Every structure is written in C-alpha cells, then in structure tokens.
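All remarks here apply to the structure that follows.
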2 protein chains.
Amino acid sequence: MIRLKDNFFAPRQKTNRESTIPSSLRRCEETGRIEALKLQWKPGMENMPHVFWDSDVAKVMEGMALELLLNPDEKLRDRLEKIIDLFVAMQQDDGYLNSHFIQVEPENRWKDTFNQHELYCAGHIIEAAVAHFKATGSRKFLDCACRYADLIIKTFGNGPGQKRSCPGHEEIELALVKLYHASGEKKYLDLAQYFIDTRGVEPNCFLAEHPEMADPDPAKTSARLANHQAHIPVREQAEAVGHAVRAVYLYCGMADVAAETGDRELLAACEKLFDNIRQKKMHITGGIGATSIGETFCGEYFLPNDTCYDESCAAIGFALFCWRMLKLTGKEKYRETLERLVFNAALSGLSLDGDKFFYANLLEVTPYTFEHGSTRRQRQKWFDCSCCPPNFCRFIPQLGEMFFRCEADTVYLDIPVAAEIESEQYHLQISGDYPAGGRITVKAVRADNLKVICREKEFSISSGETISFEIELPVKVIHANAAVASDAGKAAIQRGPIIYALESVDNKGVELSSLLISSEPDFQLEDMEIGNIKFKAITASGWEEQIDNPDNQLYFEGESRLVPRQLKFIPYALWQNRGRSSMTVWVRKKY
Amino acid sequence: MIRLKDNFFAPRQKTNRESTIPSSLRRCEETGRIEALKLQWKPGMENMPHVFWDSDVAKVMEGMALELLLNPDEKLRDRLEKIIDLFVAMQQDDGYLNSHFIQVEPENRWKDTFNQHELYCAGHIIEAAVAHFKATGSRKFLDCACRYADLIIKTFGNGPGQKRSCPGHEEIELALVKLYHASGEKKYLDLAQYFIDTRGVEPNCFLAEHPEMADPDPAKTSARLANHQAHIPVREQAEAVGHAVRAVYLYCGMADVAAETGDRELLAACEKLFDNIRQKKMHITGGIGATSIGETFCGEYFLPNDTCYDESCAAIGFALFCWRMLKLTGKEKYRETLERLVFNAALSGLSLDGDKFFYANLLEVTPYTFEHGSTRRQRQKWFDCSCCPPNFCRFIPQLGEMFFRCEADTVYLDIPVAAEIESEQYHLQISGDYPAGGRITVKAVRADNLKVICREKEFSISSGETISFEIELPVKVIHANAAVASDAGKAAIQRGPIIYALESVDNKGVELSSLLISSEPDFQLEDMEIGNIKFKAITASGWEEQIDNPDNQLYFEGESRLVPRQLKFIPYALWQNRGRSSMTVWVRKKY
C-alpha cells in the first residue's frame, strides 16, 4: 500500500475522491449514461445510448474501486455495487454487454470493429471489474466481465465461424492482461496476444471488413489503416502514427503482453515507438497527438503550441505506457518521461477543484485562441464525447503505484515525493517537499536490509534507520530542437520535472507573447499556493516589447522598444485555476 | 478592353491560356466531370457525379469565355461550345440542370439547400453563361441559364407552393446580378435580393429544413447557422464568420445588390464585414479563413502561420469582394486590400507552370509541416474536392478589369501595372515596371482631356500627351498587431504591394526559423527570374542562431550563438516553383 503525503499529488487525490468522482457520477446520471444501463431506452426516446457511454461509466467505476483500495468507504462502495448490479442485470444470456448495441442496433453487434467501440468499452468494463475485485474480493463484477470476455474469445479468432479481427479502438488488450492476472485464466492473455498479432497483418482484417477503404492509391489505404495503427504488423511499427489515444493504449497492451510472454521483438517495437515519440513527437509537457484533425500524431517535429491538441486521455495513456516500460526495463528514459507527464500534461486537463476539464491541452492560449467547441481556453464541466473526465477518476488513485517500484528487497523511488509505503516486508516513510525542494528523507519504520534506489543513488536501510539525500533542482532554460519551428527563438523554463508557464493573472496588462526573457536570467523562487496546491513560483527579470501602433492596425510599420519587466512563472499544470486567463509555456528570448 | 503588358500578371495570363485552362479541362475529363454531363451514369457505375462537379466545369468554361474576350481563338471557342451543348442537352424540360441530382438522387432535388450545392452550381453555370454571352454574343448558353434561373424563381420564394430558403453555399446571388445585367430581366436581381433578405431572418429557413440542427443550447444552434452566415440577418452581421469561401461570395452578392438598389444598409454591412476582416481576420498576404476545421474564419487576431488554411478560393472570393467595394465606394482601403490579394494570397495557390495548385496557402512551411492530405507543402495537380484550380481559370482573365476603373471621363489606375486600355473614348498605354519599379508612364494614344487618377495623384491627359510619375517603393519592416501571438518577435518584409518570404532554396542548409533579421536591415534589391516572372529579390544581412545539441535531443539545455548570415527574400506568391522547399513569411527579429 502506497499513500501519497506530498503537496502536489496528495491534494489531487483528495479532490478526486471529494469532487471528480462524485461530479463525474452526477454527469453520467444527468446525461443518461447510467439510465442507459437499465435497458429502458426505445427508439424515438431522447438520450439514445451512445457507442462509448459504457466506457465512461466504467472508468468512473474503476476510479471508485481504486479509491476504495486507498480509502475504504461504505457509502462509496454501496454506490459502486449498485452500478455493478446494473451491468450484471444488463448482461445478455450469451454474455454480451454493451448498452448501445443491445438497445440501439442489436443487428450490428461486432459488425464494424474498425469504427465501433464495443471492444473498447469491453476493455474498460474489464478494468473496472478487476479493480473492484482487487478492492473488495467480490467476484460479482469480475465474473460478469469474464463471461463477456469469454463471448469475445468465442467471437474473435481464426477458427471456423469466428471473426478474424482486432479492436478498431484499442484498449481491451491491456485490460485482458489484467483479467488474466485477476482470474488466473491464460485464455485472456491469449486473446490479448491474438488481437496484437492480428493487427496490421496481411490480409488486413479491417480491409476485409471495409473493402471500400481500399483506395486505388495504396498510400491512402495505408493512411486510413495507420489512423488505427493497423497499416503494418505492430512488431514492424517504428513511428507513432494515427489517433494518439488508440496508439498509446495499444502500446500498453503490447508492453503487457511482452512482459508476460518475454517476447523481445514486441518489447523492441515498444521501445522504438516510445523513442520516436520522445525524440520527435512530444511536446515539452509530455503532451502527444498534436493535431485535433483526427486527434492524431503529426509528422516528426511538428509541434505547434497554439493549435495543438494533446488530448488529456493521450497524456494519461502515454503515462500508463511509460510506467509499464519503466517496470519492464528500469530504464531512466521511461522514468523521466513518466515524471514529465504526471507533473505536466497528464494533470493539466483537470481543474484544482476537480470538476472541470480540458480535452485539449494547448501550450499557448491567448485571448484569441480559436475555440473549436469551447474546450481550449477554459476547462469544461463535461463533453458530448467525454472520455477525458472519467479517465482522471481512475488515473489519479494509481499515482502512488506509479511513483515507487516496490520489490521484495528493493524499493525504487522513481518519483520521490513524500509518501508512506507499507508492505509485508517493509514500512517506509518518505518525506521532503520534492519537487519544491530537493531534500529527500527515507525513514524505515520496518525493514530488513532493504535496498533503496533513487536514480543514481543507492542505499541500504534497516528498521529504525533514516537516510537522507539531495536532488539538485536548478532552474533550467530549455531550448527545443531547431526542427521545431514553433519554439524557435523561445525558451521554456523547467525546474526538476516541472515545466513552467507564464499566466496572464501573474503577468498583467500585456499579451504574453510580448514578453522576453534573458538567455541567462536571474531566477528567484517564491512560495505560492493555488487552490490546495503549494509550490514554488519562479520570477525572473525580462522585458516587454512595445511597438507603436496608435491606430491599432493589424499590420504596420512601427518603432519597437524593450521595457524592463519582471516575469513570473507557475507550473504549467496549474494554469487556469484563477479564472479566465492566457498562458504560454514557450517565452521569447532576448538576443 | 484592357490588356496587361507587365512582368507579373501578363505572363500569368499567358500561362492560364496555355496551361491552366487546358490542364483543368483535361482533369475534368479524366475524373468524369465532363462525362457526367452526358447523363449516362447509372447506379453501380464508377465516377458517380458529385454534387459540386458542375461548378468545377462551369468555372473552367467561364475562364474559357473570358479568355475568348481577350484573345479570340476558334479552337478554344469550339471546345467551349461543345461543353455548352452538353449542358443544353442535359437541361430537363422544367429547366433543371444539375448532373448529380438528375442522375444520382432525383428524389432529393432542392430538399437540402443547407448542405447541398445545387444553388452554388447554378451560380457558376450562370456566370459561365454570362461570360459566354459577352464573349460571343450567342444566347445559347445564356438562355439555358435563364431557363434554369426561372425554375429557381418558381421554386424559391414566400408564395404558396414555394420553398422559403436561400443557398447553403452562397454564390448564386452574385451570379444572378450578372444575369440581370446580361438579360435585362429584373426578376433575377429580385431573386438575388430575396436570397439575401431571407438569410438568417426569423423564422430561420435552415432550421425549418433541418429541425435537428436546433440544439437545446442556442449558442450551438447559432454556431451551426453561422458556419453558413445564417445566424442573423445579413444586414446585422458585423463579424466575418463561418466558412470563408461561402462568406466572401455572399458579401460579393450583397455588394452587387447594394450597387443596384442603392441599399445603404446593405452597403454598410458590407463595409463592416470588410473592416472586420481587414483589421482582425486576415493574414498579411490577404489570406482568409485561418483554420482547416470547417474551412472557417477563426476568432479575431487568431492567425497562425504554420497551421492556417487560407484557401485559394477564399482569397479569390475576397479579391472579388474588394473589387466590388472599390468600384462602389472608391475607398483606398478596398484598393489596398485588392492589391494585397492579387500580388500575394490570391495567386500563391497557382504554380508558375500553371497546372499545380495549393488548396491551403500557409505562411510558414517547414520540412515537418503536417500535410493533412498532401496539400500543404507542394502544389498538387488536382483535388478530390477541386474548387480551387478552376477558380484560377476564371479569375486570371479578369485581372485587367480589376486593376483599372475606366469611366467615361476618368481612368483610375488602381493597380498601375503596364497595360493597354482601349475604349470608345480613349486609348492609353501604361508603361513602367510597377511594382518592381515605381516610375509609371501614361501615354494617351487617343484621349480628350481625360482625367487619370492614381491614388493621391491626379492628371489631365489629351491625345499624344504623356505623363509620368513615381510611386515610392521602399522596403518596409512590418510588424503584426501585438494580439497576433504567432507573429510576435517577428517581422515581415514588404515592398510596395508585395509580401516577401524566405524560401529554403535561396537560404540553404538551415531551418528558416533559425534565421534572424535586424530591426533596421540594410536591404538590397536584386533582379531575379523564376519561371516566366521577372521581379526584384531582396537581400539583407542577418544572423543564424546555432544552439549546441550534439545528441539531437528534442528538448535540451544548450549554448546559443548568432552567426552572421545573408538573407534572401522573394515574393511570397512565387515560392515553391523550384522544387520541394520550405518557406516563411514572418522572420525573427534580433533585439
């Protein structure tokens, strides 16, 4: 059991419990997502159950179950059990479990795996069921999920009467590996592997399902398939392409299967795909999927700040992938990227009061940022397609597990925030104020010659002992690769894992794009609080560019001058918690 | 009759005649657009006639007719007559004329004016017919167009049995005013006025046609309607919104109706909409419609360079609108914007060899620019939705008419390029090398005390006289309004009406975003030719930023230094005519 005690994440977990989960449940009710599970919908009625509604509810349920693991709560459990009862009651005799297809288009079950979301929803139901089983020991929901998974095993495969296919929206692969662990049934791992090994393999199952997708121009056909990572076998994929959320969920499943089977080729593909993202397709915040057009990865080095997408779900999925790869390999690059994500892009989507969300996480927002459905400049209460809010419900309770790798004789402090770790073998208290401060203290309440490793530092600790060490946290001026045109002439400010941003509320009366920072600034740290989060703000002297434009023309000749001005930076993930504002991560440099 | 004799546009007109029109005709044949007019298509056959195919063919036909006006050519005329014969033969007994709806879904004629393109196609057919009538005096195609317009008059209106509606894709409004002029029949002007006066007026005709568009949230309903400029009556519209091509075609129609009826309110709306674009929603090239998502205008001051859209058709339509407003009001702002467009965004979409096209006209293209269908980095031969290529066919022959306003006793040299102007009253030869050089000479071969006006300069000229004057053409360093974050810290180089750009072929071995220019550069002019165009290139000393990044990391700390380097600029509209390349209009400034 790992309990976070720090100033950055522990308050987020409290807010998840007290605000995000309850408000998400409320939205699921208000929008008909819970009602849909009762199978009372008839054609002509409003709130037609949507193809991905079950997944939204299931993600909240997973969050509730994970929350129960951390903080047993009778009322919460009761609430969860009631929704589980709806799923159990909804399940068809053959195990089928999808509120949309049961009610809206029963004739189209499994017909369109490329575009539809049955397997995706199934994945989230399975994950929720596994979490519930872990939290409560009850097999009620787990058995229900197994029955559904058994139907899927029966339906998909290369045997006679089976459909040779794989999920159009990946997710179930990683869920099936969890189900394998919870149930002990290897058939679920086999199904995960089947889905992974079928993807992109000739003859392409999606072209069999959708012959109309085959364009006379093979490049167009390939691009359509690549949007779902199905253009070539996954083992041959070396560039992260297509819909970013689908992609990282797939990569999680690939890593999970590789972990179970020892498949080096699959692991190598995971590493290549990760390297491609980290070296060429990731914003400095860890955000991925830079365009809203198709919610896809762009080509290499195309990372606009003002029109990017960087969906919250993609950042969460990428963090889940990094976590798996870190556990599998222990490599620093995965740890570093996981840390980048959890402090930045994977939490920027969630308001500090817990009930408002960004779908897209831009790195530059001005008073003029084009909205595309009002989701760019201000966090929203909910969305028509609302995958992101419930994703936080289930992501946040897992943070502790992501930060420390606890083996029998070794604990890795991968993200060494204050926390309490208790297991059969040991009980550690980690204190300090990381990453506001760099001093980390580990006290062994109980331990027998336990190895504690934090990056390059390694210690042994036994019961009653305390060790203490320091992580350097200089403020850094970061450049982007010269190929990233959007960041040219600009710098980002980073301290430890935190990417900082200028927010208009701290830098008033000016467009943030008019501000410049010195290439060797005099940084000062300052204690600051927003909502329930305490952190270090950073100030530095800089300049404001003023250009004479008396007639407020759009394009003009005018004298420009630089006026000295103090700049103040806060962590990117905390912006837009003090009303409507502007923000930029990348700041112009003075030469 | 106005014949251009200059170095910038006259070669383009030659290329239009010799390359763009023939190649567009060929594409229309290859893709089935001509075949579709023969009504031989049956369900199940390939090349199903598309809803906007007729408009593509009609635009090429209009270009052919306008070309005949300038350069009589028996072969070209013969070719045009043959296609006209297909339209005439296709026309149904009741006058209906649309190859898609006749063959593919006859049951859906006029059913969906909001989404479908019948009225849009009709507009282009009418324009082609009017041009043919003007060029040849033949009423064959004009009568066909009148019969179709008469059916539209019968179909649409507030009378019993009529459909109260207006075009979902505007264009026919301006065409009907042309038809009124050609035929002398006021009923066509009345229909144009009816369409304009019905748009956005309660009860909204599009909501009557599509009740499902009415969202519980009125803001969403309004946004859907605004995409087609139908959210409020056109007279109340003060912000340019929605699909940019639709918008500017509508504004042309509004200006045309205002010109005929003297409707001050309608003219005032046109002026407000123009001012809104020019002051807040236009790239420095004149390009409009900054996002590919819905091909719409963005909010004010949101003008990204690397992800913008700025469709070729939108620039052409905006030029047509500026031209109308200039003729109506004589105001300098319309002249200046028309000139900005014709030298920059309205021609950048067309290759100098005449048969390749940009759909989107970005202001910054890097080797990493995300393609969205391969149309951003290299001009393409044709498109599935190929409205832009044929638009050039008909736009380019009209350039002369746009540059000079020829009244009985006054000639306005709005865009004073070399040209020959002949009318009943006078014959002028305008020489000089504008805008490469600023010296303009006007020789009156024949004229009787004719007033010649060029901007603030005014002369009288009679037969045999020559006048000469100078337009100053300094190279200017242009800033964008501080609200345009994408241009912050950057300058654009402009000389006369020409916006310049850095192209990689002239500035090798470096990302263009690594280059900086001084805020007071030492500009030099240099004669240069690309294709058949002669112009002045601009050079200036500047710097290249080099940042140490030995491991080619995406984000890194590194020493930065500026290395002196010569920069070379060419006119934006001429880029990407020397192979695959990168380009940027806005260049970083050194402080």
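Considering only the stretch A:569-581, I want to know if a residue exists there that is charged (D, E, K, R), free of Cβ contacts under 8 Å to residues at least 40 places away in the same chain, away from every other protein chain (no Cβ under 13 Å) and surrounded by fewer than 21 Cβ atoms within 10 Å (Cβ to Cβ). No, the conditions are met nowhere in the stretch A:569-581. Scan the stretch B:160-178 and give yes if some residue there is charged (D, E, K, R), under 23 Å from the mean Cα position of the chain (by Cα) and surrounded by fewer than 24 Cβ atoms within 10 Å (Cβ to Cβ), otherwise no. Checked against the condition, which is being charged (D, E, K, R), under 23 Å from the mean Cα position of the chain (by Cα) and surrounded by fewer than 24 Cβ atoms within 10 Å (Cβ to Cβ), the stretch B:160-178 yields at least one hit.
Taking (1) of a type outside the set (Val, Ile, Thr); (2) surrounded by 20 or more Cβ atoms within 10 Å (Cβ to Cβ); (3) without any contact (Cβ under 8 Å) to a residue 60 or more places away in the chain in turn, A:GLY44 satisfies each apart from (2).
The listed residues are A:LEU303, A:LEU273, and the only one of them that is in a loop (DSSP other than H, G, I, E, B) and at pLDDT 95 or above turns out to be A:LEU303.
The number of residues in the stretch A:82-121 being within 16 Å of A:SER55 (Cα to Cα), out of contact with any Ser or Thr (no Cβ under 8 Å at 6 or more places or on another chain) and part of a loop (DSSP other than H, G, I, E, B) comes to 6. Can you tell me which residue is farthest from A:PRO435 (Cα to Cα) among those in the stretch A:14-51 that are part of a helix (DSSP H, G or I) and of a type in the set (Asp, Glu)? Among those that are part of a helix (DSSP H, G or I) and of a type in the set (Asp, Glu), it is A:GLU35.
For the stretch B:542-563, the criterion of being of a type in the set (Val, Ile, Thr) and surrounded by 22 or more Cβ atoms within 10 Å (Cβ to Cβ) is met by no residue.
Scanning the stretch A:122-138 for residues that are in a helix (DSSP H, G or I), out of contact with any Lys or Arg (no Cβ under 9 Å at 6 or more places or on another chain) and open to solvent by 10 Å² or more (accessible area, probe 1.4 Å) yields one hit, A:LYS134. Can you find a residue that is part of a helix (DSSP H, G or I) and within 14 Å of chain B (Cβ to nearest Cβ) anywhere in the stretch A:243-262? The answer is yes, given that some residue of the stretch A:243-262 is part of a helix (DSSP H, G or I) and within 14 Å of chain B (Cβ to nearest Cβ). Would you mind stating whether B:ASP487 is touching a strand residue (DSSP E or B) at 6+ places or on another chain (Cβ under 7 Å) and under 27 Å from B:VAL130 (Cα atoms)? When the stated conditions are applied, B:ASP487 does not pass them.
Checking each residue in the stretch A:263-296 for being within 14 Å of another protein chain (Cβ to nearest Cβ), among the small types (Gly, Ala, Ser) and either without any contact (Cβ under 8 Å) to a residue 40 or more places away in the chain or surrounded by fewer than 24 Cβ atoms within 10 Å (Cβ to Cβ) (or both) picks out A:ALA290, A:SER292, A:GLY294.
For A:SER460, the conditions (1) within 14 Å of another protein chain (Cβ to nearest Cβ); (2) free of Cβ contacts under 8 Å to residues at least 40 places away in the same chain; (3) open to solvent by 30 Å² or more (accessible area, probe 1.4 Å) are fulfilled apart from (1).
Counting the residues of the stretch B:250-262 that are of a type in the set (Gly, Ala, Ser), surrounded by fewer than 22 Cβ atoms within 10 Å (Cβ to Cβ) and closer than 19 Å to B:LEU179 by Cβ gives 1. Scanning the stretch B:368-410 for residues that are touching a helix residue (DSSP H, G or I) at 6+ places or on another chain (Cβ under 8 Å) and facing chain A (nearest Cβ under 10 Å) returns a single hit, B:TYR368.
Only a single criterion out of (1) open to solvent by 10 Å² or more (accessible area, probe 1.4 Å); (2) within 23 Å of B:HIS124 (Cα to Cα); (3) part of a helix (DSSP H, G or I) is not satisfied by B:PRO11, namely (2).
The set of residues in the stretch B:527-541 being more than 24 Å from the chain's Cα centre (by Cα) and either within 17 Å of B:LYS508 (Cα to Cα) or open to solvent by less than 10 Å² (accessible area, probe 1.4 Å) (or both) consists of B:ALA537, B:ILE538, B:THR539, B:ALA540, B:SER541.
Of all residues in the stretch A:1-59, those satisfying the criterion of being touching a Gly at 6+ places or on another chain (Cβ under 8 Å) and at pLDDT below 95 are A:GLU46, A:ASN47.
The values are calculated or read from the model by the stated rules, or taken from the named source; none is laboratory data. If you're wondering where the values come from, they're calculated on a predicted model, not measured in any experiment. No Cβ is skipped: glycine too gets one built from the backbone with ideal geometry, and neighbour counts run over all protein chains shown. For accessibility, only protein heavy atoms count, side chains too; no ligands or nucleic acids. Shrake-Rupley method; radii C 1.70, N 1.55, O 1.52, S 1.80 Å.
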